[in-house]
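> Before I ask anything, let me first share the structure, which is written out below as structure tokens.
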Amino acid sequence: MNVSLKISNSDLTREKLLAISEFTEKTKAKIQNSDILLVPKMQVRDSSHRCFSAPTSDFYKLMKSDMSQYNIGLCENEGEEKTLTLHCIEIWIPDILVSIDPVKDVMLPALVSFIVNYISYKYFQSKDTDEPDVHLKIYVENKKTKVTKSLEYNGKYSGLKALKINAKDIFKE
């Protein structure tokens, strides 16, 4: 099984999101105070439009219920959320920004476990379902250094289930 997790530097930070002038004060408060922030794709199809993947609304509601120990926010002005529907058999998980202390992180394993359970519940109710490709991007910000890394997974669901993320390893230089 090919487990492919691409780790790279990212310029997406809370400060960059807070600098978006179209965001209201309420949205900026969500950006600042969320442990887990669902972020839109910032430029879709060569435009400046911000869009979420189609399952974002259901994902967000379930996450708020199942991961209630965390403050979870949606990075968009209320009522201005736009979604992009892709007509394919692939699963696109909303992009996620988290701020962690890499030394004592427990959020990343909990988040990946939630995502695996969400996909299992949402997409595998039927035994006839083929194993879909999953697309996932998690932006991980080090609370102390403010360095952000992008964790990107594109592969089969079984590979996502086998994925083990060690926060300390992400920020090793």
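Nothing in this text is a laboratory measurement; each read-out follows from the coordinates by a stated rule. Everything numeric here is computed off the predicted structure, so don't read it as measured data. Here the Cβ is made from the backbone with ideal geometry for all residues, glycine too, and neighbour counts use every protein chain on show.
> Pick from Ala29, Ala54, Ala19 the residue whose mean-square fluctuation is largest in a GNM of the chain, springs joining Cα atoms under 10 Å.
Ala19
> Then there's this: Too long at a 29 Å Cα-Cα cut-off: which of Lys16/Lys82; Lys28/Lys164; Lys61/Lys137?
Values: Lys16/Lys82 20 Å; Lys28/Lys164 32 Å; Lys61/Lys137 19 Å.
Over 29 Å Cα-Cα: Lys28/Lys164.
> For the range 54-159, state which GluC sites (Glu not before Pro) are in a DSSP loop and have at most 15 other beta carbons lying within 10 Å of their beta carbon. Present the calculation step by step, with values, prior to reporting the outcome.
Details: sites: Glu76, Glu78, Glu80, Glu81, Glu90, Glu141, Glu152; in loops: Glu76, Glu78, Glu80, Glu81, Glu90.
Loop-located and lightly packed - Glu78, Glu80, Glu90.
> Please say if the range 5-170 is rounded, prolate or oblate, where rounded means a/c under 1.5 for a ≥ b ≥ c the square roots of the C-alpha gyration tensor eigenvalues, and otherwise the choice is prolate for a/b larger than b/c and oblate otherwise?
On the way: a/c = 1.58, a/b = 1.19, b/c = 1.33.
Because a/c hits 1.5 or more and a/b fails to exceed b/c, the range 5-170 counts as oblate.
> Shifting gears a bit: Using a Gaussian network model of the chain with C-alpha springs under 10 Å, which one of Val103, Val112, Val147 is most mobile by mean-square fluctuation?
Looking only at Val103, Val112, Val147, the biggest GNM fluctuation is shown by Val103.
> If we count every other residue with Cβ under 14 angstrom of Ile100's Cβ, Lys/Arg +1 and Asp/Glu -1, where does the sum land? Kindly include the intermediate steps, with their values, before the conclusion.
Values: positive: Arg14, Lys104, Lys143, Lys144, Lys146, Lys149, Lys168; negative: Asp35, Asp101, Asp105, Glu141, Asp169.
Neighbourhood net charge equals +2.
> Could I ask something else about it? Mind checking which of Ser34, Ser65, Ser99 has the largest fluctuation in a GNM of the chain, springs on alpha carbons under 10 Å?
So, out of Ser34, Ser65, Ser99, the one fluctuating most is Ser65.
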